[in-house]
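Once you've had a glance at the structure underneath, I'll fire off some questions.
What follows draws every value from the coordinates through simple rules; no lab data is involved. These numbers were taken from a predicted model, which means no experiment stands behind them. For neighbour counting, all protein chains shown are included, and Cβ atoms are generated from backbone atoms with ideal geometry for every residue, glycine included.
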C-alpha cells in the first residue's frame, strides 16, 4: 500500500471528546507519548457543542476549551483529526498495531489562519451538521468558532470544484491534490473514548419528529442556547416564531422496551432541567413544562438544582406521552397520561423538545478482531472486572474512558477518564518490551 | 507568486455530482427570490414564505443561512413579540 | 514600571458581554497610562484566541498583560501560561474577574456593571504596571503518599500508587479494613460479594512492598504543605499480639469475656464481646480488644497468652508529599420515631436488614417472628423537605432493589412493598428496577410534602401512603418488617477534615475545586479526595474517583523536586527593629532572628513561608512586604477603585 | 436604579475562602450593589491598617474584611488576628475622627454567598444612612 507511515506511541487514545482529551492529558503529564485520534474535523466532542452545564451553569465551552488548549499544545500529545481508526490488533502481551486513515482535508492545516475568506467565497450551501441542519454552511468551512484546530476544510462530497476558495485563500493553503493517508501505529496501550450516540427520535413515529417541524431534539435546543448558536435567539425552526409554551418529553428512547432500550440515560433529566432554567432566562414570558416518569437528580448538587427549577416556576408533570400531533399553525397537541390525575389529558405547546437518550456507539467493535471486543447487553463496552478495574475492557491493555461503557454525565466522565488513564499508565509502565 | 490551481487537477479524477450542481442552482434561485421579496421592506418569516411561495420551515432555513452569511439581518420584533423582521444587510 | 501593557477583555460568549459593555471597557482602557493594546475577544480561553494572544504579545513586544474574564480560580493559570509562552514572566500577568464578580451579580444593572468592570480592569492595570518577573522556588519533595481510609477507595488508590513505585502509607481508623463494602453480600451488577472484593483488594495491599498499612490509626495532626506534609498518626493497640496463630486460645478468650455489647459490624442486631473478631474473613485476621468496652477483668489473659493488656498507644510520624483522603461516609441515623424508628420494634435500617439477610438461614425472622411482608421506605435522611439533607444519596434506590431481589434467592415467600419518592435506578441499574417490577414487587410513590407514615395499630405495623401512582389513593400495607432506606451523610466523627482544613460544600461533604475541571483536588494544595467523602457514590464511581485522585496525588510526588509559588514575605532590614511580633504571628515558624551587621533582624525562610501575610500588619515599622501585595501595588489599586471614572 | 445612590465599599477577600464565596454569589445570580470592589489577598489577617486608612483617604465610604474565620487554611489564629487588626484600626479611626462603623469585618466561609450578599447590602444601607446623617 502506498502512503503508509509508521509511528509509535505509548498510548493510542481513540476519540477526542472530553473523555479522550482528559485521558490524553493525564497520560502525557506522566512523560508518556500519546496519539489522540478524532474522526471529526475538530476535537471537543459533544461537550464543546453544549450551552451551559448542570448544576453550576458554567458555560460549557469555557470549561472545555482550557482542556482542549492544554492537550493541543502538550509536547507529549500528537492529535490527528479527521482520522479514522481502521484496525487495532493486539500483537502480544504488551503491544498493539493500529491502522489509521487520515482523510484528506484539502487544506494545508499548518498554513491555514482560519481567516474564513474561503468560506465567504464558496458558493455551495448545505445543511450545517454542527447546527443539526438548522442553518446552512459552505462546502469550504470551519466547523465553528471555537473548533480545534480552527482551520478550514473542504467538504469534497458537496464541492463544485469551482476554485473560488483557492483563489480567495491568502496563504494558498487550499490543496485539492491531497489524498487520504494511511498510517501504521505501534502502541503499548489503548484508551477507547468514542462516546455515545444520541437516540434517533424517528424511531418513535408517534412523536412526529421529522414531520412536525416544531418538534426538536434536546441537542438541537442545546444549540439554540449555546453561544455559537444558529439563530441568535430561541426561535421555532418551523416558522421563526419565538416560542412561549415549551414542552419537554423526558425518556425519549430511554427506559423504553418498545425501542429496545430498557436502560435510563442518566443525563436527560438534568440537561432538560438545565435547558428549562436557561429558557426561563432567555424567554422570561415563556411557560416550560417537563413531562417525566421519574426525575433522576442524583448527583452532587442535582437535587438542589431540581428544587431550584421548581422554585423558578418550571412546570413538572408526571406523565407518559402518548402522541404528539402538529396543528395547522405549527403548534403541537400533546396527549399524555397524567399520573397525578390518573387520566388522559391533552395539552398544547408551540415547541416540543424530545429529551433523547444516550445510546451505545458501536464503532470500537469494527476496530478489533472479531470476538475480542465484547459488549454488554446494551451494546456498550463490556467492563471485564466491574468493581476492581472498571475501566478495563474485554481486551487486556485496552481501557475505557467515559460513555464508552455506559451513559454518564460530565463529572463522572472526567472521573472515569482519570481511572482509565491511571490504569493505562500503570499498564505501560509495566510493559517491559521496547517498541 | 503564481497561484496553483489544484481544483483543476482534482477535476480530472473527481466528477462533481449532478445533485451538487442542482442544489447549487436551486440555492442561488432561492437566495435571489428571498432578496427580491424583501427588497426595501422588513419582513418576517411567514411574510417571506408567502411572497416566494415556499414552506415556512424552508424559508426559515434559507433566511437564517443568509443571516449567517451576512446577507440579511434581523431587526426588531413585531408587536405581539412573536416574529423578528429581517432586512437586507448593507 | 511596565509601559507596554496588553489588555484583553473576554465576552465569555455572552456571559460577560450580555451585561457589560465590553467595547466601552476596551475603549476606556486603551487610554489608560501604560496600556499599549486593548482588545475584546469572544472566548479568551479558546485555543485559537490563546494563540492569537501569544502572537499579539510578541508582535507588540508587550511587557505585561491583563485578561479580564471569569474568576481567576478558573483561568488565571491558563493566561499565566499564555504570558509565559509569549516570553514573559507569569508574574507580569494580572487577572481581572469581571464575570463572577461583575456581569453575573450585577446582571440587573448594566450601567453599574460596565462601570465596575472598567474600574476593576483599571485597577488590575495599576497592579500589573508595578509587576516584576519572579522565579519559582524549588522544594524537595517527599516521594510518598498518605492514604486516609482503607475502604475500597483508599485501598484501590493505595494499590495503584504503589504500582507506580510510590511509597504509600495506608491508614485506617478502625482495626479492620474494608470500610462499608466488607459488610455486604452479592454486589449489584455482578456475582461478586463485598467480602470477595475486599479480599482481592486486601491481598494486593499486603503483597505490595510499597504499602505500609496502619490499622487503628487516627490522624492527630498535620504540618507542612504540598510536597512536605508531616503527619502524626496515633495507633491504638489491639491488645493482642500482632502475630497470633493461637486461634484456639483466642476463641477461648472470646468465650470467657463477660462483656457483651452491640456488634457494629451487624449494625447492632447481634452482640459481640469486648474482645472480638469482625467476621470470618476479616482483615487483618487478628482479634482486637476494644478498651472502651473492656472491664479489665483479666479473664481473657488467663486463657490466652497472646493477649497483652499492657500494650500502649503509639504515635508515628509519616512524611509525605501528598495526602489522599478516602474517609467515606456515615449512614444516616433516623431520629427517634422517624418512620417508627426505635419506637416500633420491627422498623430497622437497610444496613441492618442486609446483615440480617446475611446471617439468617432457613427462615427469615425478626424478633422470633417469621417475615413475609417487607416494606421499604425510601429517601430516609435524603431529599429532606424539612431537614438539612437536601441532596439525593444516589446509591440507595439501586442498593434496595438489589437487596430485595437477592433476598428472594435465599428466602422464599417474601413480599416486597417499595414506598418510594420516585425510583432513581439511573443508567443500566434500571434493569434491576424492571426485574423487580416483573417479579411482582409493589411500588408506591409519594411526594416529599406528603410522606409515607408508619404506625403501630393494635400491635400491627402499618405503612400508609397517599399513592400518586393510583391517583393519591390512601393505601395501607401491614408489614412484618419495615426497612428504612437511609442515605449517606458526611462522617460525624472526622477530625481529618478539620486538621487538613478541607472545605465543605453546601451538603457538608468535602468540596472539590471544580466538579468538572478539578474534581478530586481540594483548595488545599497536595490534598486530594476520593470516594464518598466527597458526596454519595456507588462502588464503581468510588473506584473511578479513587484512581483519579491517585493520579493527581502522584503528580505531587512523582519527582523529588516541586516548584512552589514564590509569593513570600520579605523583610526590609533597614526598617526592621527586631521585636519578635512577626515571629510570633507566623503560623509556620518561618521567621527567625539573625544578626545583620550590628543589629538583630528578622529573616524569613522562603521555602517555609506560605505567603499568608499574617506577619504584615503586626510589624510596628512596616518593614514587611508580601510579594505581589506590596503597599505600592495594593494602594495603587485602591487609588483607582476609590474614585469615580 | 441609580447606582450613584450606593456607597463605595472596598472588600478585602481571601483567595481560598471568601473570594470563592463572592464568586459563587455571582454564579447564583445573587445581586448586590455594584460599587462593591474586591481585592483578594491570601489571608484576611494580612490586611494592613495602612491600607484601610488609605482607602478612606482616597474616598471609600466603607471597608469590609471578608475574613477567613475558622476555615483559614493558614491556621486557626486567623480570626483572632484579623479581629486584632480591626480593633487596632478602629482605635486609630477614632483618633482621626473617622466613624468606626465604616470598617466592618465578618467571617465569610467558602459557601457563605448568601451571607456575603446580606452583609454587604446592610453595610451599604448603613453607610448611606450614616452619610446622609452627616
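Just A:404, A:177, A:289 to compare: in a GNM of chain A, with alpha carbon springs under 10 Å, which one fluctuates most?
A:177
At what distance in angstrom do the alpha carbon centres of the range C:578-612 and the range A:363-412 lie from each other?
The distance from the Cα centre of the range C:578-612 to that of the range A:363-412 comes to 57 Å.
Let me check the size of the protein assembly as shown from its C-alpha atoms; what are the radius of gyration and Dmax in Å?
32.8, 108
Please work out whether the range C:5-135 counts as rounded, prolate or oblate from its C-alpha gyration tensor, where a ≥ b ≥ c are the square roots of the eigenvalues and a/c under 1.5 means rounded, while otherwise a/b larger than b/c means prolate and anything else oblate? Please list the in-between numbers first.
Numbers: a/c = 1.73, a/b = 1.51, b/c = 1.14.
Note, shape of the range C:5-135 comes out prolate.
Only counting other Cβ atoms within 10 Å, I'd like A:395, A:263 sorted with the fewest neighbours first.
If I rank by nearby Cβ atoms, fewest first, I get A:395, A:263.
How many nm is it between the label spots at residue B:42 and residue C:308, if each spot is 7 Å from the Cα in line with the beta carbon?
The two pseudo-label positions are separated by 9.2 nm.
Rg and Dmax of the range C:568-626 over Cα atoms: what are they, in angstrom?
10.1, 30
Cα gyration tensor of the range A:199-357, axes a ≥ b ≥ c as square roots of the eigenvalues: rounded (a/c below 1.5), prolate (a/b > b/c) or oblate? Write down the numbers at each step before the final one.
Values: a/c = 1.30, a/b = 1.04, b/c = 1.25.
Verdict is rounded for the range A:199-357.
Could you check the spin-label model distance between residue D:94 and residue B:58? Points 7 Å from the Cα along Cα→Cβ, value in nm.
8.5 nm
How big is D, in µm² s⁻¹, for the range A:5-131 by Stokes-Einstein at 25 °C and 0.890 mPa s if Rh is the Kirkwood radius over C-alpha pairs?
Numbers: Rh = 16.5 Å.
In µm²/s, the coefficient is 149.
Another question about this same structure. Nearest 0.05, what FRET efficiency do residue C:450 and residue C:293 give at R0 = 56 Å with Cβ-Cβ as r? Could you put the intermediate results ahead of the total?
On the way: r = 43 Å, r/R0 = 0.77.
Calculated transfer efficiency: 0.80.
Averaged over peptide C:160-167, how many Cβ atoms belonging to another chain are found within 10 Å of each residue's Cβ? Walk me through the numbers before you get to the answer.
Details: counts 6, 2, 0, 7, 6, 1, 0, 0.
Mean shielding count: 3.
Could you work out the Kirkwood radius for the range C:513-632, taking every pair of different alpha carbons, averaging 1/r and inverting it, reported in Å?
Numbers: mean 1/r = 0.0584 Å⁻¹.
Kirkwood radius, the range C:513-632: 17.1 Å.
Can you tell me the 0 to 90 degree angle between the C-alpha axis of helix A:302-311 and the longest principal axis of chain A, rounded to 10?
Around 30 degrees separate the two axes.
Further question on the same structure: Relative to 2.2 N^0.38 Å, what does the C-alpha radius of gyration of the range C:331-489 come to as a ratio? Two decimals please.
Relative to the 2.2 N^0.38 Å estimate, the range C:331-489 comes out at 0.97.
Need the C-alpha centroid separation for the range B:48-65 versus the range D:27-51, integer Å.
53 Å
Provide the descending list of Cα extents for chain B along its principal axes, expressed in whole angstroms.
Each principal axis gives a Cα extent; for chain B these are 56, 33, 19 Å.
Would you mind ranking A:336, D:32 by Cβ crowding within 10 Å, fewest neighbours first?
The fewest-first ordering by Cβ neighbours comes to A:336, D:32.
While we're on this one: Sort the range C:237-311 into rounded, prolate or oblate with this rule: let a ≥ b ≥ c be the square roots of the eigenvalues of the Cα gyration tensor; rounded if a/c is under 1.5, and if a/c is not under 1.5, prolate when a/b is larger than b/c, oblate otherwise. Don't jump to the answer; show the numbers that get you there.
On the way: a/c = 1.64, a/b = 1.22, b/c = 1.34.
The shape class here is oblate.
How far, in degrees from 0 to 90, does helix C:396-410 lean away from the longest principal axis of the Cα atoms of chain C, to the nearest 10?
Orientation of helix C:396-410: about 30 degrees from the principal axis.
Follow-up. Enter the Cα centre distance for the pair the range C:540-564 and the range A:281-337, rounded to the nearest angstrom.
That distance is 41 Å.
Using a 10 Å cut-off on Cβ atoms, rank the peptides A:277-283, A:27-33, A:417-423, B:22-28 from the highest mean neighbour count down. Spell out each step's value before the answer.
Working: A:277-283: 18.4, A:27-33: 20.3, A:417-423: 30.6, B:22-28: 13.6.
Per-residue mean Cβ counts within 10 Å order the peptides as A:417-423, A:27-33, A:277-283, B:22-28.
Also, quick follow-up: When you look at the Cβ of every residue in C:616-622, what mean number of other chain Cβ atoms sits within 10 Å?
The per-residue average across the peptide is 5.
Now a separate question. Taking all pairs of different Cα atoms in the range A:285-422, averaging 1/r and flipping that mean, what Kirkwood radius in angstroms comes out?
Working: mean 1/r = 0.0543 Å⁻¹.
This gives a value of 18.4 Å.
Oh, and also: Using a cut-off of under 20 Å, list every residue of the range A:246-289 whose amide N is near the label point 7 Å from the Cα of residue A:335 along the Cα-to-beta-carbon line.
A:247-250, A:252-253, A:258-259
Can you give the percent of C-alpha pairs in the range A:221-272 whose distance is more than 15 Å?
Values: 793 of 1326 pairs.
That tail contains 60 percent of the Cα-Cα pairs.
Quote the Stokes-Einstein diffusion coefficient, in whole µm² s⁻¹, for chain C, based on the Kirkwood radius over alpha carbon pairs, a temperature of 10 °C and a viscosity of 1.306 mPa s. Mind showing how you got there, number by number?
Values: Rh = 28.9 Å.
Calculated translational D: 55 µm²/s.
Projected area of the range A:89-159, taken from the Cα convex hull and averaged over every viewing direction, in nm²? Working shown, then result.
Working: hull surface 27.5 nm².
Quarter of the Cα hull surface area: 6.9 nm².
Something else: Quick one: order B:61, C:391, C:283 by neighbouring beta-carbon count within 10 Å, fewest to most.
Numbers: B:61 21, C:391 27, C:283 24.
Placing the least packed residue first, the sequence is B:61, C:283, C:391.
While we're looking at this one, here's another question. Each label point is 7 Å from the Cα along the Cα-to-Cβ direction; what then is the distance between the points at residue C:573 and residue A:345, in nm?
8.1 nm
Quick check on the range A:179-279: what are the equivalent-ellipsoid semi-axes from the Cα gyration tensor, as sqrt(5λ), descending, whole Å?
31, 20, 15
Follow-up. Which angle from 0 to 90°, rounded to the nearest 10, does the C-alpha axis of helix A:18-28 make with the longest principal axis of chain A?
30 degrees
Let me ask another. Per residue Cα convex hull volume for chain A, in cubic angstrom? Please list the in-between numbers first.
Numbers: hull volume 65.7 nm³, N = 435.
Spelled out: Cα convex hull of chain A, divided by residues, is 151 Å³.
Find the all-direction average of the projected area of the Cα convex hull for the range A:92-236, expressing the result in square nanometres with one decimal place. Please list the in-between numbers first.
Values: hull surface 48.3 nm².
In nm², the orientation-averaged hull projection of the range A:92-236 is 12.1.
Can you compute the FRET efficiency between residue D:101 and residue A:430 using 1/(1 + (r/R0)^6), with r the Cβ-Cβ distance and R0 = 41 Å? Round to the nearest 0.05. Don't skip to the answer; put the middle values down first.
Working: r = 66 Å, r/R0 = 1.62.
Efficiency for this residue pair is about 0.05.
Regarding the range B:40-90, what's the average projected area of the Cα-atom convex hull, expressed in nm²? Intermediate values should be presented prior to the final figure.
On the way: hull surface 13.9 nm².
Mean projected area of the Cα convex hull: 3.5 nm².
Using the Kirkwood radius built from alpha carbon pairs, what does the Stokes-Einstein equation give as D for the range A:1-40 at 25 °C and 0.890 mPa s, in µm² per second?
Details: Rh = 11.0 Å.
For the chosen part, D equals 224 µm²/s.
Could I ask something else about it? Using every alpha carbon pair in chain D, what percent of pairs falls into each 5 Å bin from 0 up to the bin containing the largest distance?
The distribution over chain D is 2, 11, 22, 24, 21, 13, 6, 1, 0, given as percents.
If you count, for every residue in B:55-65, the Cβ atoms of partner chains within 10 Å of its Cβ, what is the mean? Could you put the intermediate results ahead of the total?
On the way: counts 3, 8, 8, 1, 2, 11, 8, 3, 3, 11, 11.
For peptide B:55-65, the averaged partner shielding equals 6.
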